[in-house]
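See structure below.
The values are calculated or read from the model by the stated rules, or taken from the named source; none is laboratory data. In this text the structure is predicted, and so the values were computed from the model without any measurement. Don't worry about glycine lacking a Cβ; one is built from the backbone with ideal geometry, like all the others, and counts go over all protein chains shown.
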Amino acid sequence: MSRFHVHIHVSDLDQNIAFYSRLFGVEPSVVKSDYAKWMLDDPRVNFAISTDKAGSSGNAPLGLQAERPEDLAAIGERLQAADAVALAEAGTTCCYARSDKFWAVDPQGVQWESFHTHGEATTYYADAAGSAVARASCCGPALPKASADTACGSSCDVPAERQVVAPPAQACCA
């Protein structure tokens, strides 16, 4: 089973926590200084908001959260069959969680993040050694906004050892 994931970049975390808490009728299950998350059952969605994303606001990647590793593997197989995997990561730290992920981009250029979370993290982002790193350095491949024809962008800080690629997909950043 999977859960739909929506992440929105916001300029004022407190105002948005208040708004979405009223909208959903519950307080967030996770609150950090730059991040909040609601794990809702009706509708079944992992809804997150965050600040400090380099002048960006609005929709962040959409996604599917897999409950089990085998559910993520099935999503990955479907994306690979469609030749849509832009990046696959193992043991990445993003959004205060440790996860394995498949990143894809739809024909309009919207990033999709499919992931299985297997632990919490104490930082928003971290490198492979677990050290906190700048926010611009992870959470998906760098994809050109103007073109969905190119799966991989021109730059990405995900080290090759954290990328997991199965044919026919090709890793970005390798």
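Some points to look at:
- Some residue of the range 43-54 being at pLDDT below 90 and over 26 Å from Arg22 (Cα atoms): yes
- Verdict on Ala66 being in contact with a helix residue (DSSP H, G or I) (Cβ under 9 Å, 6 or more places away or on another chain) and closer than 13 Å to Glu113 by Cα: yes
- Wholly within the range 62-129, strands (runs of 3 or more DSSP E) carrying at least 1 residues that are in contact with a Cys (Cβ under 7 Å, 6 or more places away or on another chain) and under 19 Å from Lys32 (Cβ atoms): 85-94
- Tyr20 fulfils the conditions (1) outside any helix (DSSP H, G or I); (2) within 29 Å of Asp71 (Cα to Cα); (3) not β-branched (Val, Ile, Thr) except for a single criterion, (1).
- Taking each residue of the range 22-50 that is free of Cβ contacts under 8 Å to residues at least 12 places away in the same chain and looking for partners that are crowded, with 19+ Cβ neighbours inside 10 Å with beta-carbon atoms closer than 7 Å, six or more apart or interchain, yields Pro28/Ala36; Pro28/Lys37; Pro28/Trp38; Ser29/Lys37; Ser29/Trp38.
- Qualifying residue in the range 63-82 (condition: among the β-branched types (Val, Ile, Thr) and either modelled with pLDDT under 90 or surrounded by fewer than 16 Cβ atoms within 10 Å (Cβ to Cβ) (or both)): no
- Candidates Thr123, Thr117 - the one that is β-branched (Val, Ile, Thr), more than 20 Å from Arg3 (Cα to Cα), surrounded by fewer than 21 Cβ atoms within 10 Å (Cβ to Cβ) and touching a strand residue (DSSP E or B) at 6+ places or on another chain (Cβ under 6 Å): Thr123
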